[in-house]
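K.L.:
Below you'll find the structure I mean.
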Amino acid sequence: MPKHTSLSIRPRKPACHQNGMAYLGLLLSVALLSIAALATLQVHSLMQRRAAEEDLLFIGQQYQQALLSYANASPPGTLRAPASLNDLLRDPRYPMPRRHIRQLYLDPITLQADWGLILSPDGKGIIGIYSKSERAPIKLAQFPAALKGFENKKSYQEWVFKGL
């Protein structure tokens, strides 16, 4: 008959040190995910600003062309610059509706319809517009030939779109 020996069963130590490592690993994972999320938000914000800049360049050129169209359509003896931006939508100098721009745009940088206006020397007409944002532009070079004067400007306010 086999001889039975008594086995001594020792109580196990609690695995507290393993739970602490799992918690530390979880904290490290959360920290890394937070850093990745922050980087993603910064890239998204930069992309939105770049898109707003491109919109500003497009809209500014639309106003520039509308101001030129208004000036070129001026009958002799009338002002060559509109008294307000609304005059570009419907030219008050003609009985039939005459449009120089399709719509009045918001400033894509400030998201307001409050443009800075460049007035004619006599102060009666608008000859140019600009954004009222004091933020520094991202784009500093490689503008189209018509906008070469925008290079190295310190704020969007210096991006002036003149029609005359």
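Rule-based calculations on the coordinates, nothing more; no lab input. The shown structure was predicted, so the numbers you read here are calculated from the model rather than taken from an experiment. Reconstructed Cβ throughout: ideal geometry from the backbone, glycine too, with neighbour counts over all protein chains shown.
K.L.:
Given the options Q62, Q142, Q48, state which has the largest fluctuation in a GNM of the chain using a 10 Å cut-off (strictly under) for Cα springs.
P.N.:
Q142
K.L.:
Please work out whether region 90-129 counts as rounded, prolate or oblate from its C-alpha gyration tensor, where a ≥ b ≥ c are the square roots of the eigenvalues and a/c under 1.5 means rounded, while otherwise a/b larger than b/c means prolate and anything else oblate? Numbers along the way, then the final one.
P.N.:
On the way: a/c = 3.61, a/b = 1.25, b/c = 2.89.
Oblate.
K.L.:
Right, something else. If we count every other residue with Cβ under 15 angstrom of A51's Cβ, Lys/Arg +1 and Asp/Glu -1, where does the sum land? Don't jump to the answer; show the numbers that get you there.
P.N.:
Values: positive: R49, R50, R135, K139; negative: E53, E54, D55, D107.
With Lys, Arg at +1 and Asp, Glu at -1, the net is 0.
K.L.:
What residues qualify as long-range amide H neighbours of I127, i.e. H under 5 Å apart, gap of 5 or more or another chain, H built at 1.01 Å from N?
P.N.:
Result for I127 returns I118, L119, S120.
K.L.:
Sticking with this structure for a sec: With springs only between Cα atoms under 10 Å apart, run a GNM on the chain and tell me which of G123, G25, G60 wobbles the most.
P.N.:
Top of the fluctuation ranking is G25.
K.L.:
If I fit a long axis through the Cα atoms of helix 16-72 and take the longest principal axis of the Cα atoms of the chain, what angle between them do I get, 0 to 90°, rounded to 10?
P.N.:
It works out to around 10 degrees.
K.L.:
Tell me which of P75, W159, L88 sits at the most positive position along the dipole axis of region 53-164, charges placed on C-beta atoms (Lys, Arg +1; Asp, Glu -1).
P.N.:
Sorting the options by dipole projection puts first P75.
K.L.:
Please compute the Cα-Cα pair-distance distribution of region 51-164 with 10 Å bins starting at 0, giving whole percents from short to long.
P.N.:
Pair shares across the bins are 14, 46, 29, 9, 1.
K.L.:
For region 39-164, what is the charge dipole size about the Cα centre, in debye to the nearest 20, if Lys and Arg each add +1 at the Cβ and Asp and Glu each add -1 at the Cβ?
P.N.:
Values: 16 positive and 11 negative charges, 40 e Å.
Charge dipole, region 39-164, about its Cα centre: 200 debye, nearest 20.
K.L.:
What does the charge count near W115 come to, summing +1 for each Lys or Arg and -1 for each Asp or Glu among other residues with Cβ under 9 Å from its Cβ? Please list the in-between numbers first.
P.N.:
Details: positive: K132; negative: D107, D114.
Its environment carries a net charge of -1.
K.L.:
From the Cα gyration tensor of region 107-164, with a ≥ b ≥ c the square roots of its eigenvalues, which class applies: rounded if a/c is under 1.5, or else prolate if a/b is larger than b/c, or else oblate?
P.N.:
oblate
K.L.:
Counting pairs of alpha carbon atoms under 8 Å apart in space and at least six apart in sequence, what relative contact order in percent does the chain give?
P.N.:
Numbers: 192 pairs, mean separation 31.9, N = 164.
Rounded, it is 19 percent for the chain.
K.L.:
Can you tell me which aspartates and glutamates have their Cα less than 15 Å from the Cα of K153? Leave out same-chain residues fewer than eight positions away.
P.N.:
E53, E134
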